[in-house]
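Novice: This is the structure, below, for whatever I ask next.
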Amino acid sequence: MILIVSDNRHHCRPLLTCVERISENCELVCTSSGVIQRCLQKRYPVIIIDSYSKLAEHFELIAQLQTKLPDSAIIVMAHQGCDSERIVSLELGAQDYIEYPFNPAEVQARIRVQLRRAAGRTAEDKTSEHPVRIGRFYIDNSYHRAELDGQALPLTAKEFSLLHFLASHPDQVFSREQLLTSVWGYHYGGFEHTVASHVNRLRAKLGKTKAGAHLVQTVWGVGYKFNSDCLQLSQSA
């Protein structure tokens, strides 16, 4: 099931026709009012933000969707986009960004990619229901809760997803590109700084305890890893 949120009913008809060719279960709304509640009830795997006006007017909606529906893929379709707005959209949590005029076959291919990833996430969720506990660190994907030294960590949806992914593969090193694909869901280059900025914010929150200061470690020239050794050292100290 796919939801299109458009600010122009007339101009979105070509997009609606394009999407309906790959999914009969496609719905269109032409107002952002009530979109969050609608999505919480129906749980669309793909949500398309069709922006005919200034894209900045949709930033709040993108951020809210990412926070409240982290498993839904957000695709932004922009009539009047620019590089800065494209970057902000992806930083806020959009998985893909496409500018008008669009190639229908390319849009359909990108939607199929997100639908496959949604199906893959469903399968992964079944295997990631068990919480991860390493020393005094604990993270539970089912309840969306992370703790360190018995204190809850106030993480955003994307920070939680990043930490959960790394903690589920302790001591394994991932490049920024791999994290973009696995956590953010998009795989093209140029946005590796998104990973770095989230890692920095995550470290600031983890660093309030001695054990968390080096929990997310940089492996220079390679990427990042969840450093389980610092938890073991903090236990023995």
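Novice: Which of SER33, SER228 has the fewest other C-beta atoms within 10 Å, and how do the rest follow up to the most?
Specialist: On the way: SER33 8, SER228 16.
Ranked by crowding around the Cβ, least crowded first: SER33, SER228.
Novice: Setting aside same-chain residues fewer than 8 positions from LYS158, which aspartates and glutamates have a Cα under 12 Å from its Cα?
Specialist: ASP71, GLU91
Novice: What percent do you get for the relative contact order of region 128-236 when only Cα pairs under 8 Å and 6+ apart count?
Specialist: Values: 151 pairs, mean separation 28.7, N = 109.
Computed value for region 128-236: 26 percent relative contact order.
Novice: Under 5 Å between amide hydrogens, which residues at least 5 positions from GLU99 or on another chain qualify, with H placed 1.01 Å from N in the peptide plane?
Specialist: HN-HN under 5 Å from GLU99: ALA78.
Novice: Suppose we keep just the DSSP beta bridges with both residues in the chain; what percent of those would be antiparallel, to 5?
Specialist: 40 percent
Novice: In whole Hz and in residue order, list the ³J(HN,Hα) couplings for region 93-98 that follow from phi through the Karplus curve 6.51 cos²θ - 1.76 cosθ + 1.60, θ = phi - 60°; x for Gly and Pro.
Specialist: x, 5, 8, 8, 9, 10
Novice: Now for a separate question. More than 28 Å apart: what percent of Cα pairs in the chain qualify?
Specialist: Values: 9768 of 27966 pairs.
Percent of Cα pairs beyond 28 Å in the chain: 35.
Novice: Let me ask something else. Which is the longest part of the chain that has none of the GluC sites (Glu not before Pro) sitting in a DSSP loop with at most 13 other Cβ atoms within 10 Å? Mind dumping the intermediate values first?
Specialist: Numbers: sites that count: GLU24, GLU129.
Answer from the scan: 130-237.
Novice: OK, next. Are there trypsin sites (Lys or Arg not before Pro) in region 1-107 that DSSP marks as loop and that have at most 15 other Cβ atoms within 10 Å, and which are they?
Specialist: On the way: sites: ARG9, ARG21, ARG38, LYS42, ARG43, LYS54, LYS68, ARG86; in loops: ARG9, ARG21, ARG43, LYS54.
Answer in residue order: ARG9, ARG21, ARG43, LYS54.
Novice: Through the Karplus equation 6.51 cos²θ - 1.76 cosθ + 1.60, θ set to phi - 60°, convert the phi angles of region 158-167 into ³J(HN,Hα) values in whole Hz; use x for Gly and Pro.
Specialist: My calculation for region 158-167 gives 6, 4, 4, 4, 5, 5, 5, 5, 5, 5 Hz in order.
Novice: Once amide H atoms are built 1.01 Å from N in the peptide plane, which residues 5 or more positions from SER228, or in another chain, come under 5 Å H to H?
Specialist: Long-range HN contacts for SER228: ASP171.
Novice: Taking each pair of different alpha-carbon atoms in region 2-126 once, compute 1/r for the pair, average those values, and report the inverse of that mean as the Kirkwood hydrodynamic radius in Å to one decimal.
Specialist: 14.4 Å
Novice: Could I ask something else about it? What are the residues whose amide H is under 5 Å from the amide H of ILE4, where those residues sit 5 or more places off or on another chain and H is modelled from the backbone?
Specialist: Those qualifying (amide H under 5 Å, at least 5 residues apart or on another chain) are GLU27, LEU28, VAL29, ILE48.
Bear in mind these aren't lab numbers, they're just calculated from the coordinates by the rules spelled out. Model, not experiment: these values are computed from the prediction. No Cβ is skipped: glycine too gets one built from the backbone with ideal geometry, and neighbour counts run over all protein chains shown.
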